[in-house]
Amino acid sequence: HMKKNRILLVGDIVDDLGCNVKKTIFDEDNPSKSEVHNLVEWINEAGYKVDVVESVNDFITKKIDYKDLLVFPLWRGGASVNRTAIIPAYCESLNIPYIGGDAYVQSVCQEKSLSKVFTNSIGIVTPKEVVLRSVDELISFKPLSVLQSPIVIKPLYSACSIGIDDQSL
């Protein structure tokens with residue numbers, strides 16, 4: 001049984017939009033109100049009290065009673081490459097218990113090249129990578145001279161592949 005008697009879901013929660021409505025790039029990974037509602041119902045059914053803060057900014061700037069609280073970060077959005085580390089970093093700074101990887105782990109996992117450095121250093125073999133930063137580099141690049149197939153191509157911008165669209169090509 002959990003010591004904390006209150007769970008706080010924190011995220012930049014977006015309105016439920018129809019299938020034909022395009023979300024902004026950085027809202028692609030945020031939970032919708034109906035998804036959060038379902039989470040609240042399930043957690044309540046398990047016998048826990050649940051509160052929701054619908055904005056990461058509100059979580060950080062508004063007065064919240066942190067007593068007997070366990071934070072469950074839902075937030076993955078935003079323009080910062082460190083976006084998944086923001087809630088854990090804030091919780092760590094105030095000694096608030098939370099679910100998930102700490103700020104350091106979140107930062108390393110968001111940076112694929114850095115993750116490969118760590119995994120390779122402990123003997124986990126990871127695929128090579130090549131970063132092409134211009135159309136000229138792309139035109140002269142011979143992938144099979146450097147990489148083995150299969151080859152994954154991903155735009156450098158927008159971690160987690162959030163926001164990849166026709167303009168990414």
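Before we move on, is Ile87 closer than 17 Å to Asp29 by Cα and at pLDDT 90 or above?
Values: closer than 17 Å to Asp29 by Cα: yes; at pLDDT 90 or above: yes.
Judged against the criteria, Ile87 is a match.
In segment 95-112, how many are at pLDDT below 85 and open to solvent by less than 50 Å² (accessible area, probe 1.4 Å)? Give the steps one after another, and end with the answer.
As a first pass, look at segment 95-112 and keep what is at pLDDT below 85: 109-112.
From the residues that got through so far, the ones that are open to solvent by less than 50 Å² (accessible area, probe 1.4 Å) too are 110.
So the count comes out to 1.
Within segment 67-77, does at least one residue satisfy the condition of being more than 24 Å from Asp15 (Cα to Cα), surrounded by 12 or more Cβ atoms within 10 Å (Cβ to Cβ), out of contact with any Gly (no Cβ under 9 Å at 6 or more places or on another chain) and without any contact (Cβ under 8 Å) to a residue 40 or more places away in the chain?
Scanning segment 67-77 turns up no residue that is more than 24 Å from Asp15 (Cα to Cα), surrounded by 12 or more Cβ atoms within 10 Å (Cβ to Cβ), out of contact with any Gly (no Cβ under 9 Å at 6 or more places or on another chain) and without any contact (Cβ under 8 Å) to a residue 40 or more places away in the chain.
Any idea which of (1) within 30 Å of Arg6 (Cβ to Cβ); (2) in contact (Cβ under 8 Å) with a residue 12 or more places away in the chain is the one Trp42 doesn't satisfy?
(2)
Cβ contacts < 6 Å: first residue under 18 Å from Asn95 (Cα atoms), restricted to segment 51-63; second residue open to solvent by 40 Å² or more (accessible area, probe 1.4 Å) and not in a strand (DSSP E or B), any location; separation 6+ or different chain. Result?
Cβ pairs passing all conditions: Val56/Asp12; Ile60/Tyr90.
Give the residues of segment 113-169 that are closer than 23 Å to Asp29 by Cβ, open to solvent by 70 Å² or more (accessible area, probe 1.4 Å) and at pLDDT below 80, sorted by residue number.
Val152, Ile153, Lys154, Leu156, Tyr157, Ile164, Asp166, Gln167, Leu169
The values are calculated or read from the model by the stated rules, or taken from the named source; none is laboratory data. These numbers were taken from a predicted model, which means no experiment stands behind them. Because the Cβ atoms are built from the backbone with ideal geometry, glycine has one as well, and the counts that use them run over all protein chains shown. Areas reflect the complete protein model, heavy atoms only, side chains present, ligands, DNA and RNA absent. Shrake-Rupley method; radii C 1.70, N 1.55, O 1.52, S 1.80 Å.
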